[in-house]
Amino acid sequence: MTDTTRGDVRLSGISKKYGSFQAVHPLDLTIPEGSFFALLGASGCGKTTTLRMIAGLEDPTTGTVRLGDQDVTALPPYKRPVNTVFQSYALFPHLDITENIAFGLRRRGIKSVKKQVDDMLELVQLGDHARKKPHQLSGGQQQRVAVARALINHPKVLLLDEPLGALDLKLRRQMQLELKRIQTEVGITFVHVTHDQEEAMTMADQVAVMNAGRVEQLGSPAELYENPQTTFVANFLGTSNLITAEVADSSGDSLVVKAGDAKLSLPAARTSAETRTGGKVLLGIRPEKISLVHADEAGTIAAGRNRITGRIAQSSFIGVSTQYVIDTPVCDAFEVYVQNIERDGRLTPGTEVVLHWNPEHSFGLDAAQDIDAGTEEEVTA
Amino acid sequence: MSAFMRWVRRNLVVLAGLLTLGFLILPNVIVMVFSFNNPKGKFNYAWQEFSTDAWTDPCGVADMCGSLSLSLQIALWSTIGATVLGTMIAFALARYRFRARGAVNSLIFLPMAMPEVVMAASLLTLFLNMGAQLGFWTILIAHIMFCLSFVVTAVKARVMSMDPRLEEAARDLYAGPVQTFIRVTLPIAAPGIAAGALLAFALSFDDFIITNFNAGSTVTFPMFVWGSAQRGTPVQINVIGTAMFAVAVICVLAGILVGNRRKKHA
Amino acid sequence: MTTATDAPPLAPAPEQPPAKPRKPRGRFTPYWLLLPGLLWLVVFFALPMLYQASTSVQTGSLETGYKVTWHFQTYLDALGEYWPQFLRSVLYAGIATVLCLLLGYPLAYLIAFKAGRWRNLILILVIAPFFTSFLIRTLAWKTILADGGWVVSTLDTLRLLDVTSWLGLTEGDRVLATPLAVVCGLTYNFLPFMILPLYTSLERIDGRLHEAAGDLYARPFTAFRKVTFPLSLPGVVSGTLLTFIPASGDYVNAQLLGSTSEKMVGNVIQSQFLTVLDYPTAAALSFILMAAILLMVTFYIRRAGTEDLV
C-alpha cells in the first residue's frame, strides 16, 4: 500500500451518467499530494459522485482516475489505497471500537494490530472507549472512530463525505479544527466533500466549487472569495452585490462602466468576462468592502472611489457589525455590512445615504449568466 | 474462464435465489395445470387430458363448497375476534406501564413458539374434560386463540414506532381522548391492524392441525382436502386453490397500483 | 406489503418499555385493555396445558373414566415405545431447517439487495402460495415426485438417487414414501417462514456498511462473512426457530408424502388422540415434545446471543 511515487490524485475526463441524467460532466482535476482539498457544492451537484468514483464505489462512465502513476480506474474499492469516512460514518454496529478500527488491517492479513489501534485511539483521543460499541458513543466520538478506522490503513488519500453533516454547530466547529490538526499531523491528502461553504473555507487549502455536475471554479479560499469568476461562485460563497452595467470605456487597465447615473470603475484584471465598449457586464462587490455615509456628508468621500446613492430599507444589528439593505437605482436590496466601530445614529431606515468603495475591490462577471445562481433561494428551490 | 462462467459467478446469488423462487412456485404451477386435468380414477396426480369440466362446475363435488363456506365464515369471525382482542393488548403493551409486563409478554409469545400439535392436543383435553360439544364454536375458540399473538405482534410493532407526540399534539389542538383515538391514533395504527387481520385470516383459513383435533365431525375446507387425500382427490380442489391464489395476487397487485397512484397524486 | 415484512419475530425481542411513560391518566385502562385477550389466552392456552399435564399422569379407560394416579410410568413407556419417532422428528425438522436456511438466504438476499424494482413482485410470489391451502400444495408434491416422473428420472440420471439412497434418504428408484420426500415437503412448507425474517433483518442493514467494508480492503465474500451475515443473525435465529418448531410437530408431510416408516411424533400424538383414544399416552408425548422444544429454543437463543447483537 505504500509506495514512494508522488501521490497526486489525477482525474482526467471523468464523468458519470445515470440513465439520461448526467451527474458529473467530464472533468479534469489534479489534487496535489498532502493537500486538504474540498469539493464544495449544493446537494445533487455531483460532488459525492466524484468522491465515490475516486473511492471506487462508483464506476465512471468515461475517464480515468490515477493515484500518482497508477491508473486505478478499473480497481475495485478493496484494492485501492484510498479510504473513506462515510456520511453518517457507517460504523459496523456489531463490532466494538477496536475491531472497527482494526477492520482494514485484519482484511490485509495483519495479525498484530494492538499497537497501531492504540496509536490511532490516541490520535483521535478515544483511548477510554476501545471496547464500547458504536451506538454507545456520541456523534462526535463516532465521527472520530470513522476517521481513525480509515487513517489506520495509511491511505494515499482520505476521502471524507460530508463528515460533519450529522453534528451540531458547536461540535462541527470543534471537529473542523480537529480534522485540520489530524491532517497536518499525518500529512495525507484529504478530499473533503461538503455543502457548507464556511467549512470548506476554514479547512481546505484548495476548493473546487461544483454546480450541476461541473467544476465552476478552483482555487484557494481567498482567491475564490475575492475574485469569483461566475455568479454561482459569487453568490454561493458569501454574499455578493451584483450590478448590471454597460461598458463605457474598455481601453485602459480599468474599465469604466455605467449603471444608471453612476460611473463606476472596474479593474480589467479582475474581470472574467469578455468586454467591449457598449457591452454589458456584471459588476460585483462584497458587502463588507462598502462604506456608508449619510447623504449630507457625501462631500467627505475621497476622490477616485466608486459611489452610488440610495436609501436604507432595513438595518439589523448583529453585534460585531450592522447589516443594511439599501435600495439604489442600480440594484435594489444592496447589502452592506458595516463594522460597529463608530456607529452613526442617523443611519436608520428611510435615510438617504451614499455607498462608496475602493474600485480595486470590484470584480467583473459575464452578464449572460443567471444573476441569482447560487443564492440561497435558488439553491433550495 | 469463459465469459459465461464469469457471468454465472458474478450473478451466483441471483441465480440461487431465483432457483429457490422456482422451488416455491412450482407446486402452485402444478396445482393450476392439474385444475385442467381430466384424471382417470379417483386421484388427480397424473396428467391425462385437458378439460375445463372442473372450472365450469366448481361445486360439483359433494360437501366441498359447504366446507369452503364454513372455512370462510370461521376465518372471518376469528379474524374479527383476534383483531379486536389483539389490538387492545397491543395498545396496552405499547402505550402503558403496568405490573407483570414480563408475564404478559411470555403469555403472548408462547403460543407462537409452540408446535401446533401440542396446542391442539391440550385444547382437546380441555374440551373433553368440560364435556364441550366439538364443532363450529370450538374451532372458532381455537382459531382466535392462536391468531391472537400474531395480531398483537403486528399491531404492537406499528404502535411502538408511532411518535407519542402526535397524540399529545392532537390533545393540544382540542381533541378529547376519544377524538384523539379515532382521528389520530387509529388511522396511524391502521396499517399494522390491517396486516395483523390479514395474517389472522390467512392463518385461520388455512389451519389444519388444530382444527383437525377440535372439529369433531364438522368439516372445514382443509379437512375436506385431507379427507380427499385418503378417499380420492377431485379436480375441483385444484380449481379452488388456483382461484384463491389468483384472487390474492390480483388483490395485492391492485393494492400496490392504488398505493402508487396515491403517492403520485400526493 | 406490510404482512410480508412484519413476520413475527420469534426470538422475543428485548422488551423495551414505552419510550415516554404516559401520565397515569386512567390507572386501570391498561388492565381493561388486556383483560379480555389475556383471559382468552389463559383459558384456552394456559389452562389446557395444565389439563394436559394432569391427563398425562392419569390412569383408567374410556369406559371406567380417568383418575389422577401420578402414574409417571406413562412417560417412560411413551418414550420407550416412540423414541424412533421423536428422533425422526428432530432429525427431519433439523435437516429441513438447514435446507431452508441454505435455500432461503440467497432469495432473501436477492430481494433485499439485488431485486430493485422487482422487489415487490418477488415478495408477492413468496407470500402468494400461502393463499392456496398448504394441503393442496403438499399434494402437488405427489405429482412432482411421482415414480418415473421427470424429477425422479433426472435425479436418477445424475446418479443423485444413489447418493441419497446411500445416505438412507431414499430407497431404490423411488422418492415418494421415503424420508427424502418428507424432508422435501417440510422444507417447502416452512421455507417462507425462513425467508421473511431473513429478508426483514437483511433489509435493515445499511448498504453503506457493505461499501465501508469494501473500502477497508474486504473482498465481497469477506465483507459478507464479516459484516452482512453477522448483522443478519437476528433473522437467522428467528427464521430457524420459525421453521424448526412447526416442522418438528408436523404430521401432514409425513402422512401425505411418507410411508409408515417415516412417521414423526406428530403422527403418533394425532393417532393416539383421535384414533387409539389413549389420552394419557398422547398427553405425555405432547408434553415431552413441548418440553424438548422449549429447552432447545431457550438454549439456542442463549447460544446465538441475539440480545448481544446491535
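Structure data summary
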read-out	value
The listed residue being under 30 Å from A:ALA273 (Cα atoms), modelled with pLDDT of 90 or more and loosely packed, with under 15 Cβ neighbours inside 10 Å, out of A:ASP370, A:ASP327	A:ASP327
Count of residues meeting criterion [surrounded by fewer than 24 Cβ atoms within 10 Å (Cβ to Cβ) and more than 17 Å from C:ILE144 (Cα to Cα)] in region C:172-191	1
Residue within region A:82-95 that is under 29 Å from the mean Cα position of the chain (by Cα), of a type outside the set (Val, Ile, Thr) and surrounded by fewer than 21 Cβ atoms within 10 Å (Cβ to Cβ) present	yes
Any pair with Cβ under 6 angstrom, 6 or more apart, that starts in region B:79-106 at a residue that is more than 12 Å from B:ALA200 (Cα to Cα) and within 7 Å of chain C (Cβ to nearest Cβ) and ends at one that is part of a loop (DSSP other than H, G, I, E, B) and among the acidic types (Asp, Glu)	B:ASN105/C:GLU15
Boolean, A:GLY238 is surrounded by fewer than 22 Cβ atoms within 10 Å (Cβ to Cβ), under 12 Å from the mean Cα position of the chain (by Cα) and not in a strand (DSSP E or B)	yes
Condition met for C:THR74 (surrounded by 16 or more Cβ atoms within 10 Å (Cβ to Cβ) and farther than 30 Å from C:TYR199 by Cβ)	yes
Residue, surrounded by the most Cβ atoms within 10 Å (Cβ to Cβ), within region C:212-227, restricted to residues that are more than 7 Å from every other protein chain (Cβ to nearest Cβ) and among the basic types (Lys, Arg)	C:LYS226
Test result for A:LYS114, of a type in the set (Lys, Arg), more than 20 Å from A:GLY46 (Cα to Cα) and without any contact (Cβ under 8 Å) to a residue 60 or more places away in the chain	yes
Unique residue being touching a residue at least 60 places away in the same chain (Cβ under 8 Å) and assigned by TED's automatic domain parsing to the domain that holds A:LYS289 when the list is A:ASN235, A:ASN153, A:ASN211	A:ASN235
Selected residue (only one of C:LEU99, C:LEU139, C:LEU135, C:LEU103 is within 11 Å of chain B (Cβ to nearest Cβ), closer than 14 Å to C:LEU196 by Cα and assigned to a helix (DSSP H, G or I))	C:LEU103
Boolean, C:ALA181 is more than 14 Å from chain A (Cβ to nearest Cβ), within 29 Å of the chain's Cα centre (by Cα), over 30 Å from A:ARG149 (Cβ atoms) and not in a helix (DSSP H, G or I)	no
Helices (runs of 4 or more DSSP H) (entirely within region C:228-310) containing at least 1 residues that are surrounded by 24 or more Cβ atoms within 10 Å (Cβ to Cβ) and away from every other protein chain (no Cβ under 11 Å)	C:233-249, C:252-257
When residues of region B:123-142 are limited to those that are in contact with a Gly (Cβ under 8 Å, 6 or more places away or on another chain) and under 16 Å from B:SER78 (Cα atoms), the one surrounded by the most Cβ atoms within 10 Å (Cβ to Cβ)	B:THR138
Pair list, Cβ under 9 Å, 6 or more apart: region B:36-52 residue away from chain C (no Cβ under 14 Å), other residue acidic (Asp, Glu) and in a loop (DSSP other than H, G, I, E, B)	B:ASN38/B:GLU49
From B:VAL118, B:VAL159, residue being within 24 Å of C:ALA46 (Cβ to Cβ), within 10 Å of another protein chain (Cβ to nearest Cβ) and hydrophobic (A, V, I, L, M, F, W, C)	B:VAL118
When residues of region C:104-119 are limited to those that are in contact (Cβ under 8 Å) with a residue 40 or more places away in the chain and under 20 Å from the mean Cα position of the chain (by Cα), the one farthest from C:LEU242 (Cα to Cα)	C:LEU107
Leading residue by the ranking (surrounded by the fewest Cβ atoms within 10 Å (Cβ to Cβ)) among those in region B:210-228 that are closer than 16 Å to C:SER271 by Cβ and within 7 Å of chain C (Cβ to nearest Cβ)	B:TRP226
Flag if A:MET210 is under 24 Å from A:ARG52 (Cβ atoms) and assigned to a strand (DSSP E or B)	yes
Checklist (1) surrounded by 18 or more Cβ atoms within 10 Å (Cβ to Cβ); (2) facing another protein chain (nearest Cβ under 10 Å) applied to B:ALA189, failing item	(2)
Criterion violated by C:ALA146 - all others in (1) at the interface with chain B (Cβ under 8 Å from one of its Cβ atoms); (2) assigned to a helix (DSSP H, G or I); (3) not hydroxyl-bearing (Ser, Thr, Tyr) satisfied	(2)
Where C:TYR217 falls short, out of the listed (1) part of a helix (DSSP H, G or I); (2) at positive phi	(1)
Residue match in region C:154-162 (condition: acidic (Asp, Glu), more than 14 Å from chain B (Cβ to nearest Cβ) and in a helix (DSSP H, G or I))	yes
Verdict on C:TYR188 being of a type in the set (Ser, Thr, Tyr) and closer than 25 Å to B:ARG9 by Cβ	no
Test: residue in region A:352-359 that is more than 24 Å from A:GLU246 (Cα to Cα), among the charged types (D, E, K, R) and at pLDDT below 85	no
Hits in region A:56-82 (condition: out of contact with any strand residue (DSSP E or B) (no Cβ under 6 Å at 6 or more places or on another chain) and at the interface with another protein chain (Cβ under 9 Å from one of its Cβ atoms))	A:GLY56, A:LEU57, A:PRO76, A:PRO77, A:TYR78, A:LYS79, A:ARG80
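So that you can scan it fast, the table gives a plain yes or no per residue for (1) at pLDDT below 90; (2) not aliphatic (A, V, I, L, M):
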site: C:LEU121; (1), (2): yes, no
site: C:ILE124; (1), (2): yes, no
site: C:PHE134; (1), (2): no, yes
site: C:THR138; (1), (2): no, yes
site: C:LYS142; (1), (2): no, yes
site: C:LEU158; (1), (2): yes, no
site: C:VAL163; (1), (2): yes, no
site: C:ALA181; (1), (2): no, no
site: C:LEU186; (1), (2): no, no
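The values are calculated or read from the model by the stated rules, or taken from the named source; none is laboratory data. Since the model is a prediction, treat every value here as computed from it, not as a measurement. In this analysis, Cβ positions are derived from the backbone assuming ideal geometry, glycine residues included, and neighbour counts consider all displayed protein chains.
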